[in-house]
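Presented below is the structure to which this report refers.
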C-alpha cells in the first residue's frame with residue numbers, strides 16, 4: 001500500500017497540533033511497513049498512490065482543493081477532520097477579548113465580562129459571522145462526505161461529525177492521539193510555577209488565563225509563537241509578572257515542562273491538546289478546558305475549567321496546585337501510556353482498509 005499524507009501549505013510555518021498528528025502518524029505507519037510520503041500543499045500530486053490521508057478541514061477552501069486534486073487523480077481520501085466547533089470562539093471568545101482590549105483596569109474588565117456572560121452564544125455572533133459559520137459548516141459537511149473514511153481523534157469529535165455536521169453515511173474509525181513520551185526524559189522532582197505551551201492566540205485563551213490569575217502568587221511562563229503582538233500587550237497589562245518566551249527550541253520546551261508544577265491550557269476549543277499530553281508526560285499537574293475532548297483523554301486526572309469564567313479558571317488552577325505531587329507511574333502517567341502510537345497506527349491502517357473496501361463497493 002502506498003499512502004500520501006497531505007497537510008495544509010503552512011503546516012510547518014504555522015505549526016500546530018494537526019502538524020504533529022500528521023508527522024507522527026506518518027512515522028508510525030512507516031514503521032508498520034507502509035510506503036508513505038508527506039506533502040504540505042493545497043494541490044497534491046496523488047497519482048500512483050492507493051489512498052491519500054488528508055488532515056484538517058479547518059481551512060475548507062484548502063481542503064476542497066486537496067480533495068479535488070486527489071479525486072482528479074482517481075485516489076480515494078481518508079480524512080482526519082480535526083474538527084472544532086468555532087461558534088463560541090467567534091462569538092463569546094472574541095467578545096471577551098474585545099472586553100480585555102477595551103478595559104484599562106481589572107474592575108472594568110470584570111464588569112464587561114459580567115455583561116457578556118448574560119448573553120447567549122447566538123446573541124454574541126454578528127450576522128456576518130453567523131452566515132460565515134453556516135457556510136463553513138456546510139462546506140465541511142461536504143468535505144467529510146467526499147472521503148471514503150473519517151478518522152476523528154475522539155468519540156466526542158466523532159459524535160460532532162455525526163450530529164453537528166450531519167455526516168452519518170461515511171464510516172468513521174476513532175483514532176486517539178497517543179502522548180509523546182519524550183518529555184518524560186525531562187521529568188524533575190523539584191518543580192514550581194505554572195506553564196502554558198501553545199500559540200499565543202484567541203483560541204488558546206492565554207488572555208483569559210492570565211486575567212484569571214492576575215492576583216495569584218505563582219510564577220507564570222508562556223511558551224509559544226505570538227502572532228498578535230497587541231494580544232501579548234493586553235495579557236501583560238493584567239498580569240505583568242507573566243513571562244513570554246516566544247517559540248523555543250524543542251529541548252528548552254522539554255526542560256520547562258519538566259520543571260513546571262502545573263501546566264494550564266484552557267482553550268475555547270481543543271482536540272486532546274497535544275501540549276497538555278506532553279506536559280502530563282513530563283510530570284506536570286494538568287488544567288484544561290471543558291469544551292473539547294480533553295475529558296476523554298484525562299478523565300479524573302486533570303482539573304477542568306470553563307474558559308469563559310475567570311473564577312472557574314482560577315479555582316481549577318488552585319485545585320491543581322493543591323493536588324499531591326506527581327510521581328512516575330501515578331494514575332495520570334499510566335493513563336497517557338495506555339494508548340501507544342503502534343496501537344494508533346493499527347487503527348489508521350484499519351481505517352484505510354475499510355475506506356478502500358467501501359471505495360471498491362462504489363461508496364455505498
- request: Considering only segment 1-25, state which residues are touching a strand residue (DSSP E or B) at 6+ places or on another chain (Cβ under 8 Å) and farther than 19 Å from residue 278 by Cα.
  value: 1, 2, 3, 4, 5, 6, 7, 8, 9, 10, 11, 12
query: Quick one: which of 172, 124 is out of contact with any strand residue (DSSP E or B) (no Cβ under 6 Å at 6 or more places or on another chain), over 30 Å from residue 257 (Cβ atoms) and surrounded by 15 or more Cβ atoms within 10 Å (Cβ to Cβ)?
result: 124
field: Residue identified as in a helix (DSSP H, G or I), farther than 30 Å from residue 29 by Cα, touching a helix residue (DSSP H, G or I) at 6+ places or on another chain (Cβ under 8 Å) and at pLDDT 95 or above among 317, 348, 287
entry: 317
- request: Any chance you could count how many residues in segment 251-273 are in a helix (DSSP H, G or I) and either free of Cβ contacts under 8 Å to residues at least 60 places away in the same chain or crowded, with 24+ Cβ neighbours inside 10 Å (or both)?
  value: 4
- prompt: Condition test on residue 190, is it loosely packed, with under 14 Cβ neighbours inside 10 Å and outside the structural domain of residue 268 (by TED's automatic domain parsing)?
  reply: no
message: Just checking, does segment 128-139 include any residue being closer than 29 Å to residue 358 by Cβ, in contact (Cβ under 8 Å) with a residue 40 or more places away in the chain, crowded, with 16+ Cβ neighbours inside 10 Å and in the same structural domain as residue 62 (by TED's automatic domain parsing)?
response: yes
query: If you check residue 90 against the conditions, is it assigned to a helix (DSSP H, G or I), over 23 Å from the mean Cα position of the chain (by Cα), in contact (Cβ under 8 Å) with a residue 40 or more places away in the chain and under 28 Å from residue 273 (Cα atoms)?
result: no
field: Residue list for segment 193-235, filter: touching a strand residue (DSSP E or B) at 6+ places or on another chain (Cβ under 7 Å), touching a residue at least 60 places away in the same chain (Cβ under 8 Å) and buried (at least 21 other Cβ atoms within 10 Å of the Cβ)
entry: 194, 195, 196, 197, 198, 204, 209, 213
- request: Starting from residues that are assigned to a helix (DSSP H, G or I) and free of Cβ contacts under 8 Å to residues at least 24 places away in the same chain, keep the ones in segment 320-334 and report whichever is farthest from residue 272 (Cα to Cα).
  value: 322
message: Name the residue that is nearest to the chain's Cα centre (by Cα), counting only residues in segment 239-250 that are part of a loop (DSSP other than H, G, I, E, B) and under 24 Å from residue 24 (Cα atoms).
response: 247
- line: Going through segment 140-151 in order, the residues found to be within 17 Å of residue 352 (Cβ to Cβ) and in a helix (DSSP H, G or I) are 144
Residue in segment 2-9 that is in a loop (DSSP other than H, G, I, E, B), more than 24 Å from the chain's Cα centre (by Cα) and assigned by TED's automatic domain parsing to the domain that holds residue 74 present: no
task: Answer yes or no as to whether residue 43 is touching a residue at least 12 places away in the same chain (Cβ under 8 Å) and assigned to a helix (DSSP H, G or I).
output: no
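The values are calculated or read from the model by the stated rules, or taken from the named source; none is laboratory data. In this text, all values refer to a predicted model and were calculated from it rather than measured experimentally. Glycine gets a Cβ as well: all are built from the backbone with ideal geometry, and neighbour counts include every protein chain shown.
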